[in-house]
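Here the structure is laid out as structure tokens; the discussion comes afterwards.
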């Protein structure tokens, strides 16, 4: 398993980048798309396994919203 704290930190940094967009709903969708497109499968698995086991409280709000889009559209998160 990859270091989940590092993955959380990376996800929140991605969220920081996309949160500058004026449309926060689209920003969350774009953040979800970024994780799906640019994180390799083992990174995604480690990240989602950690979130499933520990909750999403360490994530910034935009990334919590991104997870809901991943669940709806990509089938990646089932927390």
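With respect to residue 43, is the statement that it is in contact with a helix residue (DSSP H, G or I) (Cβ under 7 Å, 6 or more places away or on another chain) and surrounded by fewer than 16 Cβ atoms within 10 Å (Cβ to Cβ) true? Judged against the criteria, residue 43 is not a match. Of the residues making up the range 49-79, those that are modelled with pLDDT under 90, assigned to a helix (DSSP H, G or I) and crowded, with 19+ Cβ neighbours inside 10 Å are 69, 70.
Looking at this structure, is residue 31 modelled with pLDDT of 95 or more and under 10 Å from the mean Cα position of the chain (by Cα)? Even if it seems obvious, please write down each step before you answer.
Working: modelled with pLDDT of 95 or more: yes; under 10 Å from the mean Cα position of the chain (by Cα): yes.
So residue 31 fits the description; yes.
Within the range 24-53, residues that are touching a residue at least 40 places away in the same chain (Cβ under 8 Å) reach partners that are part of a helix (DSSP H, G or I) and surrounded by fewer than 16 Cβ atoms within 10 Å (Cβ to Cβ) with beta carbons closer than 7 Å, at six or more positions or on different chains, in the pairs 32/74; 36/74.
The values are calculated or read from the model by the stated rules, or taken from the named source; none is laboratory data. Values in this document were obtained by computation on a predicted structure and should not be read as measured data. For neighbour counting, all protein chains shown are included, and Cβ atoms are generated from backbone atoms with ideal geometry for every residue, glycine included.
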